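Visitor: Let me begin by handing over the structure; questions about it come next.
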Amino acid sequence: MEPNRSYTLLIVDDDPLILDVLRIQLENFLPDHITIERASSGDEGLQLMKDLAQEGLSPVEIIISDFFMPGLTGTEFLLRAHVVNAASKKILLTGQADEATVNKILEETNLFHFMTKPWNSQELQKTIGDFILKIENRQAH
């Protein structure tokens, strides 16, 4: 695969304000070949991932998910998202997850990073930048 092929970053949170703030922060530094998609629930996020995969469109390579949501929790969503795309880089964003929950996700989903709310925008930018380098290095080989 060639470097800089398009792919998707998916934000999943039931709080519309969090979705908007994250989108705005990410748009300030993401390269143009990365599309930002948003979902207000784990079920919506999974459906979006499946639709993109079935249509052969830009795959979801990076996921930022809230932990505490109605319906699927962030843990359940990330476990199911892992089945759809195990190579995707995942961030759990929360102020409410306990250490045992985080460890379970780390073991089962290749979760790359855990961030608490409120998040540090510089830490978020560095983490996403590291993800981009890893994804594009993987695509180049």
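Visitor: Give, in nm to one decimal, the length gained when the segment between Glu76 and Thr35 is fully stretched (0.36 nm per residue of separation minus the Cα-Cα distance).
Guide: 12.4 nm
Visitor: Ranking Phe77, Phe131, Phe68 by Cβ neighbours within 10 Å, fewest first, what do you get?
Guide: Phe68, Phe131, Phe77
Visitor: In the Gaussian network model of the chain, springs joining C-alpha atoms below 10 Å, which of Ala81, Ala100, Ala53 carries the largest mean-square fluctuation?
Guide: Answer for the Gaussian network model of the chain: Ala100.
Visitor: How large is the helix-only mean residue ellipticity at 222 nm for the chain, computed as the sum of -39500 (n - 2.57) over DSSP H runs with n ≥ 4, divided by its residue count, in deg cm²/dmol to the nearest 500?
Guide: For the chain, the value works out to -15000 deg cm²/dmol.
Visitor: Then there is this: Consider just the alpha-carbon atoms of the chain and return their Rg together with their Dmax, both in angstrom.
Guide: Looking at the chain, its Cα Rg and Dmax stand at 13.9, 40 Å.
Visitor: Right, here's the next one. Counting only residues 5 or more places away or on other chains, whose amide H sits under 5 Å from the amide H of Ile63 once H atoms are built in the peptide plane?
Guide: HN-HN under 5 Å from Ile63: Leu10, Lys89, Lys90, Ile91.
Visitor: How much FRET efficiency would the formula 1/(1 + (r/R0)^6) give for Val83 and Glu123, where r is the Cβ-Cβ distance and R0 is 25 Å, rounded to 0.05?
Guide: 0.35
Visitor: Would you mind checking the tilt of helix 16-27 against the longest principal axis of the Cα atoms of the chain, expressed as 0 to 90 degrees and rounded to 10?
Guide: Between the helix axis and the principal axis of the chain, the angle is about 30 degrees.
Visitor: Can you work out the PRE-style zone for Val102? Point 7 Å along Cα to Cβ, and I want the residues of region 31-68 with backbone N under 16 Å.
Guide: 65-68, by backbone N distance to the label point.
Where a number appears in this text, it was derived from the coordinates with a stated rule and is not lab data. These figures come from a predicted structure and were not determined experimentally. Reconstructed Cβ throughout: ideal geometry from the backbone, glycine too, with neighbour counts over all protein chains shown.
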